[in-house]
Amino acid sequence: MSSHFIVRCLDCDHQAPYFPTSKACPRCGSTWREAEYDYETLRQTLPLQLPSRSFDLWRYRELLPVRTPNPELTLGEGGTPLIRANNLGMMLGCPHIYIKDERQGPTASFKDRQAAVTIAALKEAGVTEAVIASTGNVALSYSAYAARAGIKLWAFITSLVTQVKMREVAIYGTQVVKVTGNYDQAKKVAAEFARQRSLYLDQGVRSIPTVEAMKTLAFEIAEQLTAMLGPPKTANDGNQPPASPWRAPDWYIQSVSGGLGPIGVMKGFDELQTLGLVNTLPAIANIQAEGCAPMVTAWRANKTEADPVHTPRTHIATLATGVPGRTYTLLRERMLERSGGIFESVTDQEAFRAMHIVAKMEGISIEPATGVAFAGLIKLVRAGVIKPTDVVVINCTGHTVPVEQSVLGEGWEQEVDLPEETHELSIPEDGLLAALNRVTPERYSRVLIADDHPHVRRLIRRIMQAQGNYTLLEAKDGRTAVEMIRKEKPDLVILDLMMPEMDGFSVLDAMKTDPDTAHIPVIVVTAKELTNQEKKRLDGQIQSLMQKGDFMSDELLDEVRSLIE
């Protein structure tokens, strides 16, 4: 039997071989342990092995707690894309935002990593039956891999999880047990069930394979960032260590419930540093739903332990863990050791809004938990915590399947009622046109965007589209803007001042001297630092003046709505 890793107790430091069925330290009984590897040997051998391997989770097999990976169990886990968020980065004035798209996993969530490694370890150990508690994604992932491995699975799922997701869990052959209560209560019931039947119980962050699986996110991110941005550079002054072959981001952002993901990712980057593959470690941003944010509350109060939230008040069921226990303490300690990172919370409404923004700006449909992470990103950029030059990676933890009504709100669909006809295949043209005319209002509010930079026009268009229904017109210069304003009579003009030939000041003069257009409200968005004389020239002519780079501020959107709705 290979012994390429051992398990070290976090409380008494005792080292022992690893067996999935061993739940506690044999010396002190602590259930808090972590795997350690022969880093000195791997420092020399691993870089030589990687070029010939596929880009998937098992690429890093020497750093995983499975002695002989079984290729027959894989479903294609790991190796998910790292996507640059061009439009979102432009919107936030932070050009290096990258999305680790875990929706591309076999069951569309980052929990596939956890399930793949855990089930492989259980299969290797001869385990034939296991118990988990879940808010949905874990149950789906474990069910798929357990089915492939021939392991009987019991999934205790909180009743807050949608019936659609429960049915998908059941189709794999998993025995679904719906618990009328929250996630913490489901965990207690699952633990008692496993104890009575002497079955393996997945203990989340206290289970060795789960933490080790999440490390692979760090490994992949470092490799992918290096391929996209090149290896990091260091000052050649003799005081800096030599440049490392791989690049770590400045920030890693993830929504957290129990905290497993960040614990694993931090361990992964720590190991990369030990192996000499990265020089720096990312700051970790842990984002929670405001209605269930025990870690955030403890962090702000500078507490070493988090007080439980017994009644979560969030519609985002996957984040409704009110009892983080020791996980918070470990996260806090390791973040303080790194001198970087933060806990932050956002409202459900902010998360749902972020879901719309990411889908409409980047073409990526995300689950509500990921919406929490993106809302946290927006909040931290606005607060200046994340700097414009920072390289940021955000974990897109899963796909929004299905999209819930609370996310979409009202008015998301239109109906077409075709008239009844005596001839089955005959639809009169006037009847069809009348039906189609009812699909949209008579006229959406019309907004003209006048700017000579196409990327700025595109950005403002994307922002407007992400926030509501507007008819958007574009002008690439001042003369075109005046012609379109006179012809189209828009409800609002968003105007750049610095345009060739005819600048924004001249456009304003032309509008205000024409009785047909003088009443149209104008928002000026400019990168120019205005002189007192220029500000005086705008006085009384426009409704608002904003600087480019503040496109994400609610002020711009609120101003638009107040002027045309």
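The values are calculated or read from the model by the stated rules, or taken from the named source; none is laboratory data. Treat the numbers as computed from the prediction; the structure is a model and nothing was measured. Note that each Cβ is placed from the backbone with ideal geometry, even for glycine, and that neighbours are counted across all protein chains shown.
Yes or no: segment 304-317 includes at least one residue that is small (Gly, Ala, Ser) and surrounded by 22 or more Cβ atoms within 10 Å (Cβ to Cβ).
yes
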Handout entry: Residue in segment 300-308 that is in a helix (DSSP H, G or I) and at pLDDT 95 or above present
Key = yes
Practice task
For residues that are modelled with pLDDT of 95 or more, out of contact with any Ser or Thr (no Cβ under 7 Å at 6 or more places or on another chain) and surrounded by 21 or more Cβ atoms within 10 Å (Cβ to Cβ), tally how many sit in segment 67-107.
Solution key: 7
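Residues are listed down the side, and each one gets a yes or a no for (1) in contact with a Ser or Thr (Cβ under 7 Å, 6 or more places away or on another chain); (2) closer than 21 Å to Thr216 by Cβ:
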| residue | (1), (2) |
| --- | --- |
| Phe19 | no, no |
| Lys23 | yes, no |
| Thr41 | no, yes |
| Leu46 | no, yes |
| Arg53 | no, yes |
Completion exercise
Screening Thr41, Thr45, Thr21 for residues that are surrounded by fewer than 15 Cβ atoms within 10 Å (Cβ to Cβ) and in a loop (DSSP other than H, G, I, E, B) leaves only Thr21
Practice task
Given the conditions (1) among the hydroxyl-bearing types (Ser, Thr, Tyr); (2) out of contact with any Cys (no Cβ under 7 Å at 6 or more places or on another chain); (3) buried (at least 20 other Cβ atoms within 10 Å of the Cβ), report the number of the one that Thr370 does not fulfil.
Solution key: (2)
Practice task
State all residues of segment 177-200 that are within 29 Å of Ala293 (Cβ to Cβ), surrounded by fewer than 21 Cβ atoms within 10 Å (Cβ to Cβ), modelled with pLDDT of 90 or more and touching a helix residue (DSSP H, G or I) at 6+ places or on another chain (Cβ under 9 Å); if no residue qualifies, say none.
Solution key: Val177, Lys178, Val179
Problem - Flag if Val169 is touching a residue at least 24 places away in the same chain (Cβ under 8 Å), closer than 24 Å to Ile263 by Cβ and either crowded, with 18+ Cβ neighbours inside 10 Å or of a type in the set (A, V, I, L, M, F, W, C) (or both) - result: no
Completion exercise
Contact list, first residue from segment 531-542 and assigned by TED's automatic domain parsing to the domain that holds Ile520, second anywhere and modelled with pLDDT under 85 and surrounded by 10 or more Cβ atoms within 10 Å (Cβ to Cβ), beta-carbon distance below 7 Å, six or more apart or interchain, is Leu538/Leu545
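Count, please, the residues in segment 252-299 that happen to be in a loop (DSSP other than H, G, I, E, B) and in contact with a strand residue (DSSP E or B) (Cβ under 6 Å, 6 or more places away or on another chain). Break it down into steps so the answer makes sense when it comes.
First, the residues of segment 252-299 that are in a loop (DSSP other than H, G, I, E, B): 256-259, 275-282, 293.
Now narrow it down to the ones that are in contact with a strand residue (DSSP E or B) (Cβ under 6 Å, 6 or more places away or on another chain): 256, 282, 293.
Adding up the residues that qualify gives 3.
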